[in-house]
Amino acid sequence: MPDDIVLRIADLRLGFRRGRHIAEVLHGISLHVRRGEKVALVGESGSGKSVTARLALGRLQQEKGTIVSGAVEVAGIEATREPARIAAARGRLVSMIFQDPTSALNPVFRIGEVFEEVLRAGGQRLTRQAARERAAKALAEVHIPDPERCLDSYPFQLSGGMNQRVMIAMALANEPALLLADEPGTALDVTVQAQTLRLMDEMTERHGTAVLFISHNLSVVREFADRVYVIYRGHIVEHGRTAQIFAEPRHPYTRALMQAAPKLVAAGLPDLPETSPAFRDPLVVHEGCGEPGEVTA
Amino acid sequence: MPILRLLLRRLGVSVLVLFGVSLLIFCVARVVPGDPARIALGPNATQEQVDALRAERHLDEPIAVQYLYFLRDLAHGDLGTSLYTKRPVTTDIASYLPATLELVLVAGLMMIVLGIPLGILSARFKGRWMDHLARLLAVTTVCTPAFVWAVILQLLLAYLWPVFPLEGRLPTDVAPPPGITGFYLIDSLLAGEPRTFAVTAYHLVLPSLALALSGIGQTARLTRSSMIETYRRPYIEMSRAYGFAERRIARRYAFRPALIPTLTILGLDFAAMLANAFLVERVFGWSGLSRYGVEVILRKDLDAIVGTVMVIAGMFLLTNLIVDVLVSVINPRIRLGEGRAKA
Ligand SMILES: Nc1ncnc2c1ncn2[C@@H]1O[C@H](COP(=O)(O)OP(=O)(O)O)[C@@H](O)[C@H]1O
Ligand SMILES: [Mg+2]
């Protein structure tokens, strides 16, 4: 059932042109996210996670010097070949949560002003008053104690955790089918990060939103994700349900990531595993997983 | 209310600066050789007449005492009397200043309405022909001083290809509108004389453009770089990820934060126009403050020199004050007193 799939990436390749040289960043990755499903994409910093999200938004394709091949389909829209449709879908069918919520919110506008624009961009024809009420309701839903005051505040007047809640409320305000969460809250401290993950879990569960959750930290995704893709230098190296991967990590790189994981939680910073030729081993797919249309193992 | 506190503080500083300026120019004007009384009365006056004038103006007393007299008069809003026109300096300035202000304000308006959109377009179409053209224009205008533009524009568009008038605020056969504000544009409208208004505007084009050109270039350059810098910020990526229209981003979500650093420089440019207006007015035979200023300096007309300089300094300070208020209006961090702005 391809209708069931909100994000389908197949044999996606990405290169950046630097003069006459081309730096390859993604080497033919494939992944998919079904409706309402929570999928994690995990790998060390620089492995190509954020570029994947930006390709799914159709944003990176527009930058000069990018060479893209393969398929990126968001809710049936081909993000590379249908720039106008994907532009119209942004904020409506697909939205995104950023790493540092405070810098992702415009510093010279009140939360309420930006929220109103988010609703408008989502195609909702609302009066100013109605938009404000919608926004206040959305903020109340993410457990913000005084939504009215929050709407009248500037991001720098709120804590990072509060801004993260605002961001989540905005991301889900137009009921998108897919939410891209690029290391949400990594810029925040560990407790707040855990809180926002729980909140995101609760909210996407309630709205039935599918999530592509991006993280460099394998242990963070354990409670959150249904399935996990491990990415290493632009190659997907392991794919399986979360329980399978944690019970039996098969790829050498996944094992190395897992060993690094406890350190990651304590330090909150990526700790690159030593590189090893074994990390280049071919893709490992766990039982019952696999890309749609492929013969599964 | 932090904005009020800011206003009061800046006002206090401005008053102090004005004092400093007055003291400085007061002394400098008097140290320059030449006897103002003798210059005013001419070579045929008797020594007694000259001495009488010196005594009347307290010119025979020590500078410090003279300055105290000056301060006493200043407290009553009196800037002294011109030795040359024999009228109060404030009256003289009031009759010359509007012409200059009208010129500078129109130039300032041009700087904003041409410079800022040019910078925005340039940033939005970065690296394309539109951008290259705008930057070429900006660089050319920035590095050429206003009086050179005045001469070039006058030569090209008033002399060789006479589209615009050569000089003056109005042609000789058009009577100035009844003086209410001294701004011909405003007075002609108030008097219901649209023809005078049109002719005034027509005469303003070349001088104000000459005055504005380098400011336009500067503003476009600054707006461009500030916009490009702002476009790299995560909140713009957020605006795009959430599907904000590209036009709304350019006009609102990138523009407003980008304006903060630009505005400060805009204020400086505007203040610089007050100084540049002197030479531009010369070229275009504009009977503004420059005509008065040059005449009083040549005649060593002490009170008039001090008065003119103080009025110009006052305009500078006022401009800065307005810019500060505007910046704090668009920058909530300053307005709400949450630390200093990081732009
Ligand atoms: N706009 C760009 N131009 C050139 N190289 C880029 C660009 N964006 C990302 N890269 C490179 O692509 C690789 C993957 O980046 P990214 O997706 O941001 O990694 P991460 O997994 O940490 O999110 C990195 O090596 C990065 O240097
Ligand atoms: Mg990243």
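The values are calculated or read from the model by the stated rules, or taken from the named source; none is laboratory data. Owing to the predicted nature of the structure, the values given are computational and were not obtained by experimental measurement. Using ideal geometry, Cβ is built from the backbone for each residue, glycine included, and neighbour counts are taken over all protein chains shown. The area values use the complete protein model at the heavy-atom level, side chains included, leaving out ligands, DNA and RNA. Shrake-Rupley method; radii C 1.70, N 1.55, O 1.52, S 1.80 Å.
Data table
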quantity: Average Cα contact separation per residue, region B:69-201, under 8 Å, 6 or more apart, as relative contact order %; calculated: 15
quantity: Separation between Cα centres of region B:143-179 and region B:210-243, rounded to whole Å; calculated: 33
quantity: Residue mean of other protein chain beta carbons inside 10 Å, A:97-109; calculated: 6
quantity: Under 24 Å, Cα to Cα: Lys pairs in the protein assembly as shown, sequence gap 8 or more or different chains; calculated: 5
quantity: Pairwise centroid distance, computed over Cα atoms, of region B:78-137 with region A:76-153, Å; calculated: 41
quantity: Cα-based helix-to-principal-axis angle, A:190-207 vs chain A, degrees rounded to 10; calculated: 80
quantity: Length-normalised contact order of region B:97-298 in % [C-alpha pairs under 8 Å, at least 6 apart]; calculated: 35
quantity: Accessible heavy-atom area order of B:Leu71, A:Leu139, B:Leu16, highest first, probe of 1.4 Å; calculated: B:Leu16, B:Leu71, A:Leu139
quantity: Charge dipole magnitude, Cβ of K and R +1, D and E -1 - region A:96-202, Cα centre, debye nearest 20; calculated: 380
quantity: P(r) histogram, all alpha-carbon pairs of chain A included - 10 Å bins from 0, percent; calculated: 6, 28, 35, 23, 8, 1
quantity: DSSP-defined beta bridges in chain A - what % are antiparallel, rounded to 5; calculated: 55
quantity: With DNA, RNA and ligands ignored, accessible area of A:Leu14 (1.4 Å probe; Å², nearest 10); calculated: 0
quantity: Hypothetical label at B:Met130: residues of region B:245-262 whose amide nitrogen lies under 13 Å (7 Å Cα-Cβ projection); calculated: B:246-248, B:250-251
quantity: Alpha carbon centroid spacing (whole Å) that separates region B:263-320 from region A:2-21; calculated: 62
quantity: Efficiency of FRET between B:Leu4 and A:Leu283 - r from beta-carbon atoms, R0 60 angstrom, step 0.05; calculated: 0.35
quantity: Angle in degrees between helix A:111-121 and the longest Cα principal axis of chain A, rounded to the nearest 10; calculated: 70
quantity: Rounded percent of accessible protein surface that carbon and sulfur make up, the protein assembly as shown, 1.4 Å probe; calculated: 60
quantity: Accessible area buried, both sides summed, chains A and B with 1.4 Å probe, Å²; calculated: 2400
quantity: Hydrodynamic radius (Kirkwood) for the protein assembly as shown, which is based on Cα pairs only, to one decimal in Å; calculated: 29.6
quantity: Residues along region A:117-143 losing 50 Å² or more of accessible surface when the other protein chains are present rather than the chain by itself (probe 1.4 Å); calculated: A:Glu117
quantity: Accessible area of B:Tyr84 in the full protein assembly, 1.4 Å probe (Å², nearest 10); calculated: 90
quantity: On Cα atoms only, tilt of A:160-172 relative to the major axis of chain A in degrees; calculated: 90
quantity: For chain B: relative contact order, % (alpha-carbon pairs under 8 angstrom, 6 or more apart); calculated: 28
quantity: FRET efficiency for B:Asp51 and B:Asp73, using Cβ-Cβ distance with R0 set to 25 Å, rounded to 0.05; calculated: 0.70
quantity: Antiparallel bridges, percent of DSSP beta bridges restricted to the protein assembly as shown (to nearest 5); calculated: 55
quantity: Span-like helix ranges in chain B, DSSP H, alpha carbon extent 20 angstrom or more, Kyte mean at least 0.5; calculated: B:2-31, B:89-124, B:255-283, B:302-330
quantity: Of B:Leu83, B:Leu156, B:Leu18, the one that fluctuates the most in a GNM where chain B has Cα springs shorter than 10 Å; calculated: B:Leu156
quantity: Cβ-Cβ FRET estimate between B:Glu61 and B:Ile322, R0 fixed at 41 Å, reported to 0.05; calculated: 0.55
